[in-house]
Amino acid sequence: MTILRDIRVLDFGRYIAGPFCGALLGDLGADVIRIEKVDGSEDRYTAPVTEDRQGSGYLALNRNKRGFTLNPRKPQGQEILQRLVATADVVIANLPPDTLKSMGLDYETLTAIKPDIILTTTTAFGASGPYGTRVGFDGVAQAMSGNMHLTGHDDEPMKSYVPYVDYTTASLNTMATLAAIIHRMNTGEGQHVQGCLLASALTVANGTLIEQAILDKNRIATGNRGQTAAPIDAFKTRDGWILVQVVGNPLYERWARLMGEPHWLSDPRYATDEARGDNAVDISERMSKWTAERSTAEAMAELAEARIPCGEVLTPAEALVNEQVVDQRFLEPTPYPGLTKPAPVGRMPVEFSGADTGIQRRAPTLGEHTEEILRELGYGDADIEELRAQRVV
């Protein structure tokens, strides 16, 4: 069963925040149409992996979609766009407001065509305010939320390598879009859903921001070592690295028993998470000595036996072949034209007992389904040939 089998989504998204929202809706069974420039949009070619330079992120973020090319700034393109919108339930467009307007994708224009349409957009800093007209990416939101200041070391702020703000925003936009669909089912009303990169980053950092506002902690970066509990750190073994995260007294008691040293439980400096965070250097030093005497496999086995949260620090190559990753098929081998071997594309990272959310379609090649969709809209062979000749599609 597919949950959103009767929902059509027009995905004008670029890079991550828009396309991942579309991918999740596609995973849930919606008919998602990826709409891009006639020569392909910029994100199609970022970090190329195929013979014709299709990007790795594009392959991941455009699964379960059909591909359509369109120039909506031409009169015939506007006509096609209006026909498409009339058939759609949701439009995704993480584009600046002036660009939305010029393309006929602003909410006022869309509702004139389809009164109950749902428009899902994303801004970098919010729709108004002093930064309302600025553009920005994931890293900018990481920088402004306090995350970069607390990541890395005290003399070098550092952003996360993976763009967690984009993915967080896309996930929240998906939730909001589903809520808007339910609202429309109940009331017949569409609406404009707006996500924001900075708001998402502040949400993820909210606990730290509350602590700062109330207690003026003024924390600085401490590398991998945690500051609110311990041991939380990366530890070197004889042949690699592991990460250990101990939060709460029950877990800490298990760790102390594993060390076999009673003073870790009797010393008041380690009596609470807060105290252990303040004295985390001592605890990390003890743990470092323990892991240095063991291989990664040995350390992991003992920690797992003690029921202490831990994980190997894997390279991307090691993550691809990790036994748990392979067993659970978190990454599905997905062929794509021009690849030397199937790409390991992440499926929807949620399991449903009553729905199939696997990868039914690989990401589309450029304009792969343009003719198919134009025919659905009533265009014939001669019309399509003319539209192609004029580079409308």
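Points worth noting:
- Positive end of the dipole of region 287-393 (Cβ unit charges, origin at the Cα centre): among Val345, Leu320, Val392, the Cα lying farthest that way belongs to Leu320.
- In the chain, the calculated helix contribution to ellipticity at 222 nm averages -12000 deg cm²/dmol per residue, counting -39,500 (n - 2.57) for every DSSP H run with n ≥ 4.
- Of all the options Ala234, Ala112, Ala382, the one that moves most in a Gaussian network model of the chain with Cα springs shorter than 10 angstrom is Ala382.
- Rounded to the nearest 20 debye, the dipole magnitude of region 232-318 is 100 debye, with +1 charges on Lys and Arg beta carbons, -1 on Asp and Glu beta carbons, and the Cα centre as origin.
- Pair Asn249, Val350: separation of 7 Å Cα→Cβ label points (nm): 3.6 nm
- Cleavage-rule hits (trypsin sites (Lys or Arg not before Pro)) in region 330-393: DSSP loop, at most 15 neighbouring Cβ within 10 angstrom: Arg391
- Charge sum, other residues only, whose C-beta stays under 10 Å from Thr365's C-beta, Lys/Arg counted +1 and Asp/Glu -1: 0
- Of all lysines in the structure, those lying under 25 Å Cα to Cα from Lys289, and not within fewer than 8 positions of it along the same chain, are Lys236.
- Loop-resident GluC sites (Glu not before Pro) (DSSP state other than H, G, I, E or B) in region 1-80 with no more than 11 further Cβ atoms inside 10 Å of their Cβ: Glu51.
- Between Asp381 and Asn206, the FRET efficiency estimated from the beta carbon spacing at R0 = 51 angstrom works out to 0.35.
- Net charge of Cβ neighbours under 10 Å - reference Ile242; Lys, Arg +1; Asp, Glu -1: 0
- For the chain, share of DSSP beta bridges that run antiparallel, in % to the nearest 5: 45 percent
- Label-to-label distance, Asp116 versus Val162, with points set 7 angstrom from Cα along the beta-carbon direction: 3.8 nm.
- Peptides 92-98, 27-33, 66-72 ordered by average Cβ neighbours within 10 Å, highest first: 27-33, 66-72, 92-98
- In this structure, Ser295 and Ser266 have a Cβ-Cβ separation that, at R0 = 45 Å, corresponds to a calculated FRET efficiency of about 0.90.
- Note on Lys114: lysines with a C-alpha under 27 Å away, same-chain residues under 8 apart excluded, are Lys37, Lys65, Lys74, Lys101.
- Calculated SAXS-style log₁₀ I(q)/I(0) at q = 0.27 Å⁻¹ - region 290-365, Debye, Cα scatterers: -1.30
- Rel. contact order, % - alpha carbon contacts under 8 angstrom, at least six apart, region 232-318: 44 percent
- Unit charges at the beta carbon, dipole of region 177-314: most positive-side option, Pro231, Met185, Ala199: Met185
- If you sort the three axes of the alpha carbon gyration tensor as a ≥ b ≥ c, you get a/c under 1.5 for region 1-140, which makes it rounded.
- Residue-span extension gain [Arg257 to Thr133] - 0.36 nm each, minus C-alpha spacing: 39.0 nm
- Computed lengthening from Gln194 to Glu323, 0.36 nm per intervening residue step minus Cα-Cα distance: 42.5 nm
- Rounded to two decimals, the Cα-based Rg/Rh of the chain, with Kirkwood Rh, is 1.05.
- Net charge, Ala127 excluded, C-beta distance under 15 Å - Lys, Arg +1, Asp, Glu -1: -1
- Shape category assigned to region 234-284 from the gyration tensor of Cα positions, a/c cut at 1.5: prolate
Coordinate-derived values only; no laboratory data. It should be emphasised that the depicted structure is a prediction, and the values quoted were computed from it without experimental measurement. Note: ideal-geometry Cβ built from the backbone for every residue, glycine included; neighbour counts use all protein chains shown.
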